[in-house]
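Student: Submitted below is the structure of interest, expressed as structure tokens.
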Amino acid sequence: MLFPSRTRFIGIAAGYLLVCLGVSAEHNHTTPAKTACHTLSTLLGTDKVQSAGGAQYEASATGAWDLYNQLDIFAMRTIFHSDAHYAVRGGGHSAMPGWNTIDNGVLIDFSQMKAFSYDPMCNSIFIEPGVLFGEVYDGLQSQGVAPVGGRVDAIGFSGLALGGGLSFLSPSQGWACDRFRSLDVVLTDGRLVTATGTNEYSDLFTALKGGGSRFGIVTRYEVDAIHVGTAADKTYWGGSIDYVGPSSAAVVKATEALVYSNKDPNAVIISSGSYSNISGTFTTTSSVTLFYNGTEAQFKQVFADFLAIPAVATNLGPLSYNQMTKVLASSHSPQNVYGGSALYPDQSLFEKFYNNWLNFSTSFKDEVFATFWDITPVFQSQIDISRAHGGTSFTPPNGPFAYLLIGELLPLGVTKIGKLLRAGIDGLYRQWVSITPGPLFHSTSIPRSPGLPLYLNESEDVQNVLTTYSGYEQLKETYRKYDPTRFNVRRMIEPQFDFKRSKLLKDGMAGGLILSSNSAS
Ligand SMILES: Cc1cc2nc3c(=O)[nH]c(=O)nc-3n(C[C@H](O)[C@H](O)[C@H](O)COP(=O)(O)OP(=O)(O)OC[C@H]3O[C@@H](n4cnc5c(N)ncnc54)[C@H](O)[C@@H]3O)c2cc1C
């Protein structure tokens, strides 16, 4: 999987697939997607432009990680010059409906563009847009380097890095996008440009550090190589601890205390929990995945609070970096709904969040298969490193905080969020208190901490994430410059620049529940 030069790399970049999803020959009328697909297949051939029946069609049509997205699968098409709708897929792991698949449009599928290489002369890693983290971690392990990247190895490099990118390396190395060196970007008008932090496209470069896919399609990444060691270098100590029942509240409390007090960039943790139906009984469980780049004694000192909480399983030991990235597993998922929040720590804010989530979970237990949460601390060291690398489009203010992911797993076969559940989820994003049992909410309690950005990769489309960014105004200006006809806004379902209530949110309101328009999301 090596490519020696950029020229060759760009040659390979022609290796993407165009998938004409939902373009049906049965209909007599012409659609933009039909026109696009016909023209493209005449020009490029049916191997590259796949329609129903093509060898790669089925794999692309069903390749989204979140099955929620597969609902759109048999209805897609597009491409730019025909004014058709389109979508782009890197690793295919976004849970946002329509972000990596499209109804009645063309899918640009990078699943066959998986080359990567390490150049020790410039200490850069070059990555094509279809690469999954496990592929690049495994492939470069013998050279002892890795990009700053996902905590689960099945995730795609593209989506994770363009949305920011939280990594086990983040406390010491920043967000994944902080380590971009140069990006090859295809703009909506078809131009291929190379953006860096210092060239004429530096505004585009900054926008792509967290702004997602709005600004163009990235066909090649050059990123810093981080020297994480080979398989023989077991320089980390840690693993996972599992808890059940009331221990989960203690885990949340200990996480908040760590966010507040930790100043050591060698420590990294993600805390998670769920409320799910296990053998007929709803149970709260939680776990922490935690590592220290150092000794066991140092690990035990930093994470003493977590080690003191009664646990049901503990799996800790010395690990190489590559082993760390295999601790959190991922499986193909049924319908997920992800939402996000961001909070500064104080004495008990995270605990209040947890209690609200638990109230929500018990109130809606008949409508979901499970609910879950993750807390990812962002220590000051991460913010400092990000600033030292030129910052991002979402650069947060100084001060440690945490991203909170709130998720629901819908029961198998349920493809639409019910009105009341929708209203409950919206209430949860705003951190309203749920009065159990039943979908009643009042609008005080704990909204997202003022000034903190939401995390694009852990939020729902109704949350209007880009507007929470410190660089939002600049982001809009950059977008206008690089996509003057607003093609992407018109023809892609992706992060929005201005508040736009989703159909689902409207449905929730139509249910007769009064929701505050003072959005905290
Ligand atoms: C199990 C699981 C674990 C996760 N763990 C982490 C984690 O540790 N850290 C973290 O930060 N996030 C994590 N995430 C969130 C993850 O970062 C996002 O889901 C991300 O969008 C996935 O990227 P992808 O390339 O796989 O997805 P895709 O669905 O292919 O793409 C996501 C978005 O990026 C766009 N895109 C893809 N390729 C390109 C391109 N070449 N040019 C322009 N736009 C492009 C797509 O259009 C889409 O909008 C996790 C998600 C899951 C499901």
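Student: Given 0.36 nm per residue, what is the gain on full extension from Thr281 to Ala388 after removing their alpha carbon distance, in nm?
Tutor: 33.6 nm
Student: What ranking of Leu409, Leu192, Leu17 emerges when the number of other C-beta atoms within 10 Å of each C-beta is taken as an exposure proxy, fewest first?
Tutor: Leu192, Leu409, Leu17
Student: So what's the net charge close to Tyr403: Lys and Arg +1, Asp and Glu -1, counting the other residues with Cβ under 11 Å from its Cβ?
Tutor: Result for the local shell: -1.
Student: Tally Lys/Arg at +1 and Asp/Glu at -1 over every other residue whose Cβ is under 12 Å from the Cβ of Leu166; what's the total?
Tutor: Net of charged neighbours comes to -2.
Student: On to the next question. Give the order of Arg490, Arg89 when sorted by the count of other beta carbons within 10 angstrom, beginning with the fewest.
Tutor: Result, fewest neighbours first: Arg490, Arg89.
Student: Net charge near Ser274, counting Lys/Arg +1 and Asp/Glu -1 over other residues with Cβ under 15 Å of its Cβ?
Tutor: -2
Student: Another question, if that's okay. Can you order the peptides 317-329, 370-382 by their average number of other Cβ atoms within 10 Å per residue, highest first?
Tutor: 370-382, 317-329
Student: Going highest first, how would you order 177-186, 30-39 by mean Cβ packing within 10 Å?
Tutor: Highest-to-lowest ranking by the protection proxy: 177-186, 30-39.
Student: A further question on this structure: Going by average Cβ neighbours within 10 Å, how do the peptides 90-97, 252-259, 231-238 rank, with the highest at the top?
Tutor: Listed from highest to lowest mean packing, they are 90-97, 252-259, 231-238.
Student: Compute the relative contact order of the stretch 84-203 as a whole-number percentage, counting only Cα pairs closer than 8 Å that sit 6 or more residues apart in sequence.
Tutor: 17 percent
Student: If you place +1 on the Cβ of every Lys and Arg, -1 on the Cβ of every Asp and Glu, and leave all else neutral, what size is the dipole of the stretch 90-173 about its Cα centre, to the nearest 20 Debye?
Tutor: Around 180 debye, computed over the stretch 90-173.
Student: What ranking of Leu454, Leu107, Leu204 emerges when the number of other C-beta atoms within 10 Å of each C-beta is taken as an exposure proxy, fewest first?
Tutor: The most exposed by this proxy come first: Leu204, Leu454, Leu107.
Student: HN-Hα J couplings of the stretch 316-324 from phi, Karplus 6.51/-1.76/1.60, θ = phi - 60°, integer Hz, Gly and Pro as x?
Tutor: Once θ is set to phi - 60°, the couplings for the stretch 316-324 become 10, x, x, 9, 7, 4, 4, 5, 4 Hz.
Laboratory data are not the source of any read-out in this text; all were calculated from the coordinates shown. Remember, predicted model here, so these are calculated numbers, not experimental data. All Cβ positions, glycine included, derive from the backbone under ideal geometry; neighbour counts span all protein chains shown.
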